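> Below is a structure I'd like to ask you about.
Coordinate-derived values only; no laboratory data. Owing to the predicted nature of the structure, the values given are computational and were not obtained by experimental measurement. Cβ sites come from the backbone with ideal geometry, for glycine too, and all protein chains shown count toward neighbours.
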Amino acid sequence: MSDSVSVFAEHAHAYHEQRRRIVPCFDAFYGTAVELLGLRDGPVERVLDLGAGTGLMSRAVLSRYPGAEVVLVDGASEMIDRAREQLADARATFVVADLREELPAGPFDAVVSALAIHHLEHEDNRGLLRRVATALRPGGVYVNAEHVAGRTPWLEDSYRRLWRGACRAAGAGEDEIAAAEGRMTMDRSTDVATQLGWMSDAGLEDCDCFFKQLHFAVLAGWRPV
Ligand SMILES: C[S@@+](CC[C@H](N)C(=O)[O-])C[C@H]1O[C@@H](n2cnc3c(N)ncnc32)[C@H](O)[C@@H]1O
């Protein structure tokens, strides 16, 4: 188990409840990601959720596409157990696996992820993107609602200061903010432009950032038809 997985395994019990305090733009962030699934023609019937955790992104997908089948992958069985409880009535498959390994068999209409892939080393991130592009059906979309890095140290510090203020305004306590910052020390976040380049290199087209607030960005690209 990687360090980034074990930290979430320990944190699984408290994770779900505190998300809105730690992701102050929660509704716009997850909402934009889901909206992008329907931007091009084609069904949204089978969706893969990478680093699915307790199932927040899958739940957002299902609220818009209630008939869809979702396949949730996460390395922490404790997180997947919570997802299983949350999605008890859904057409859902739960897979405990590392994102550096083979993905569940496609084709998928969409591959989504939220706040997970930045835990991978950059080369692992790029390898995953290549497997994602192959797992999508032609015309299928990859949407990554991600924690991104500032382009300069000053931007990075500024994002962090503004984020702390937004968390406090959303009701987070200092201990909660400090714990989140502790987890962030393991992040391998990259800036938006770098990630969009990696997505293009993996064979996706029309790659762009469709939402951004401080460290929170929603990136998407499509497999060419
Ligand atoms: C911040 S949580 C995000 C969970 C969920 N996507 C959400 O939006 O709430 C990050 C998740 O990524 C998972 N994760 C981190 N590294 C991983 C890896 N190498 N393989 C599989 N899962 C991983 C963790 O176990 C954790 O559940």
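> Quick one: which helices (runs of 4 or more DSSP H) lie wholly within the range 104-209 and hold at least 3 residues that are in contact with a Leu (Cβ under 6 Å, 6 or more places away or on another chain) and within 25 Å of residue 26 (Cβ to Cβ)?
So the answer is 153-169.
> Please go through the range 52-86 and pick out each residue that is in contact (Cβ under 8 Å) with a residue 60 or more places away in the chain and on the phi > 0 side of the Ramachandran plot.
53
> When you check residue 90 against the structure, is it touching a helix residue (DSSP H, G or I) at 6+ places or on another chain (Cβ under 7 Å), under 23 Å from residue 43 (Cα atoms) and surrounded by 16 or more Cβ atoms within 10 Å (Cβ to Cβ), yes or no?
Answer is yes for this residue.
> Further, regarding this structure: Quick one: would you say residue 102 is in contact (Cβ under 8 Å) with a residue 12 or more places away in the chain and in contact with a strand residue (DSSP E or B) (Cβ under 7 Å, 6 or more places away or on another chain)?
Here the answer is no, as residue 102 does not meet what is asked.
> Name the one entry in 155, 136 that is exposed (fewer than 15 other Cβ atoms within 10 Å of the Cβ) and of a type outside the set (D, E, K, R).
155
> In this structure, does residue 38 turn out to be more than 12 Å from the ligand (Cβ to nearest atom) and at negative phi?
In short, yes.
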